[in-house]
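The values are calculated or read from the model by the stated rules, or taken from the named source; none is laboratory data. A quick note: this is a predicted structure, and the numbers were derived from the prediction, not measured. Virtual Cβ from ideal backbone geometry, glycine too; neighbours counted across all protein chains shown.
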Amino acid sequence: MRALLKNRVLQMVLLFTVALVTIGAGDTTDKFSSIGHKMVCVCGCGQILLECNHVGCPDSDRMIGELRNKVAGGGSDTSIFNWFVAKYGPTVLAAPIRGGFDNAAWIVPVVVFILAIVGTAFLIRRWKGRHMLAVPGGAPSMPFAGSDAVRDRIRRETEY
């Protein structure tokens, strides 16, 4: 009795393990959907391929059919993206593929933004420091500001 129960438990564990491993094994809709949402329709509408909804789109049906064929063929995501890029150009991708030269599209804007912030802070600090150094602890003294000769010269130069 005890061996029979142990055998049944072992069979159920094996069955659940196989079920978990094979879950979604033949299901290509998730892969199709995830790849289709990472591409843009090339008709010029700028919408995601699977969401292109303008009437009479000349490209979305053809591209979706090609995507279905590529996913059914069993290619990897990267190979499918590369095929579409080779056929339609890099504008077909909603975001650049991470790797190679495309890393610049991800890294350069962030680096430029950070450098601009740091440069602006440095410039403001320098300007503020220059202003603080120009004004000593007491009131600024102007040489000869109180002399009558300077006042007469100012009056002559500012009269019409």
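If I go through the stretch 44-100 residue by residue, how many of them are touching a Ser or Thr at 6+ places or on another chain (Cβ under 6 Å) and part of a loop (DSSP other than H, G, I, E, B)? Lay out the reasoning, then the answer.
Initially, the stretch 44-100 is screened for residues touching a Ser or Thr at 6+ places or on another chain (Cβ under 6 Å), giving 52, 71.
Keeping just the survivors that are part of a loop (DSSP other than H, G, I, E, B) gives 52.
Of the residues in the stretch 44-100, 1 are touching a Ser or Thr at 6+ places or on another chain (Cβ under 6 Å) and part of a loop (DSSP other than H, G, I, E, B).
Exactly one of these conditions fails for VAL110: (1) at pLDDT 85 or above; (2) surrounded by 10 or more Cβ atoms within 10 Å (Cβ to Cβ). Give me its number.
The one condition VAL110 does not meet is (2).
So which pairs qualify, if the first residue must be in the stretch 61-74 and within 16 Å of LYS38 (Cα to Cα), the second must be among the basic types (Lys, Arg) and modelled with pLDDT under 90, the Cβ gap must be under 7 Å, and the two must be at least 6 apart or on different chains?
VAL71/LYS31
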